[in-house]
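Inspection log for the structure reproduced underneath, given as structure tokens.
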Amino acid sequence: MTNSSTPASKVLDRVLVLEMVRVTEAAAIAASHLIGRGDEKAADHAAVEAMRKAFDELEIDGTVVIGEGERDEAPMLFIGEKVGGAIGSGPKIDIALDPLEGTTITAKAGPNALAVLAAAEEGCLLNAPDVYMEKLAVGPGYPEGVIDLSKSPTENVQAVAKAKGVEPSEIIVCVLDRPRHADLIEELRGIGCGIQLIPDGDVAGVIAVTDENTTIDIYMGSGGAPEGVLAAAALRCVGGQIQGRLLFRNDDERARARKWGIEDLDKIYTLGELAKGDCIFAATGVTNGSLLDGVKHFKGGKMTTQSVVMRASSGTVRWIRGEHLRGETGGD
């Protein structure tokens with residue numbers, strides 16, 4: 001598949017596309033040693049440490065624009081942190097990352113935990129604060145503007161159903177299983193459509209709309225804003241539409257948004273505003289899921305990983321199965 005409307009970036013060279021997989025592999029392997037151990041913080045810390053170390057081996061001048069939080073909240077991979085082995089001399093790249101998307105999933109050995117990152121030229125990824133974001137997404141093949149976050153869930157389901165040529169009752173919507181979504185779930189069930197509730201991991205949830213094998217048509221609901229930018233980067237590569245609106249619970253969160261240059265706090269962001277230009281998206285499975293298999297450990301220290309890496313300019317999607325030995329990458 002090609003995407004001729006997105007010009008290739010000279011900064012994001014072909015070698016870097018595959019190098020990004022090494023970074024997510026390292027984070028996934030490190031986190032995998034803590035699957036089912038009940039310690040979310042330890043699993044996240046292991047993934048963060050491994051991802052930071054892997055970045056240092058890349059000849060880039062990277063800036064984290066979506067990370068583990070602000071400097072005073074995250075000791076490593078915080079928003080604004082410089083990463084890479086060529087700071088000051090290498091290609092300038094903005095990076096959005098989630099070293100372990102699904103910390104609770106990992107701690108409980110549930111499905112769909114991922115190590116995820118996106119990379120783009122400087123200024124091409126929304127520098128979103130670590131707050132909630134209301135999201136609405138569909139896969140490729142629909143007319144532009146088929147979804148509209150300013151409209152009701154019912155209206156959006158009806159619009160997608162009409163474009164697909166089916167009744168609203170035949171539409172499947174993916175929603176995070178959270179108490180805050182009780183009204184959304186009630187409304188969707190009131191029009192008869194199906195709902196796939198997921199316990200965590202809304203990057204995988206959004207990407208699921210691009211894969212017809214999942215049977216998911218729409219993603220709806222609120223989750224982390226950083227995950228919204230990561231999901232948008234993936235959709236730039238494989239097609240689809242997403243809209244997002246930041247949600248603020250208090251004045252402190254509004255002040256943090258303004259600190260990052262966001263003045264219109266009610267703005268609805270489109271795909272091109274969340275992630276623009278040429279993008280790379282990479283993910284490695286930590287636990288088994290709908291998108292990727294998780295890390296598997298075998299006797300003798302052998303491990304296997306499954307990853308996906310995408311690039312917007314070419315529309316290329318590569319599925320990569322890696323074999324590793326303990327100590328080779330994040331396996332210590």
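The values are calculated or read from the model by the stated rules, or taken from the named source; none is laboratory data. Keep in mind that this is a model prediction, so the values were computed, not measured. A quick note on method: Cβ atoms are made from the backbone with ideal geometry, for glycine too, and the neighbour counts reach across all protein chains shown.
Annotations for the structure displayed:
- Failed condition for E263, given (1) over 15 Å from the mean Cα position of the chain (by Cα); (2) assigned by TED's automatic domain parsing to the domain that holds T24: (2)
Residue-by-condition table, conditions (1) of a type in the set (D, E, K, R); (2) touching a residue at least 12 places away in the same chain (Cβ under 8 Å); (3) assigned to a helix (DSSP H, G or I); (4) not assigned by TED's automatic domain parsing to the domain that holds A163:
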residue: Y219; (1), (2), (3), (4): no, yes, no, no
residue: G223; (1), (2), (3), (4): no, yes, no, no
residue: A233; (1), (2), (3), (4): no, yes, yes, no
residue: Q243; (1), (2), (3), (4): no, yes, no, no
residue: L246; (1), (2), (3), (4): no, yes, no, no
residue: E253; (1), (2), (3), (4): yes, yes, yes, no
residue: R256; (1), (2), (3), (4): yes, yes, yes, no
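- Test: residue in the range 37-57 that is surrounded by 23 or more Cβ atoms within 10 Å (Cβ to Cβ), of a type outside the set (A, V, I, L, M) and assigned to a loop (DSSP other than H, G, I, E, B): no
- Complete set of residues in the range 183-194 that are outside any helix (DSSP H, G or I) and crowded, with 18+ Cβ neighbours inside 10 Å: C193
- All positions within the range 85-119 that are over 25 Å from H33 (Cα atoms) and either over 14 Å from the mean Cα position of the chain (by Cα) or not assigned by TED's automatic domain parsing to the domain that holds V48 (or both): G85, A86, I87, G88, S89, G90, P91, K92, I93, D94
- Some residue of the range 72-80 being more than 21 Å from the chain's Cα centre (by Cα) and surrounded by 15 or more Cβ atoms within 10 Å (Cβ to Cβ): no
- Entry remark, the range 164-182: residues being farther than 18 Å from G192 by Cβ and assigned to a strand (DSSP E or B) number 1 in total.
- The range 199-227 - residue that is modelled with pLDDT of 95 or more and touching a Lys or Arg at 6+ places or on another chain (Cβ under 8 Å) and, of those, nearest to G139 (Cα to Cα): D217
- Scanning the range 82-123 for residues that are crowded, with 24+ Cβ neighbours inside 10 Å and in a loop (DSSP other than H, G, I, E, B), we see that the one that is modelled with the highest pLDDT is A113.
- In the set G139, G80, G102, G110, only one residue is in contact (Cβ under 8 Å) with a residue 24 or more places away in the chain and at positive phi; that residue is G102.
- Single residue of the range 136-163 satisfying the filter (in a loop (DSSP other than H, G, I, E, B) and of a type in the set (D, E)) that is surrounded by the most Cβ atoms within 10 Å (Cβ to Cβ): D148
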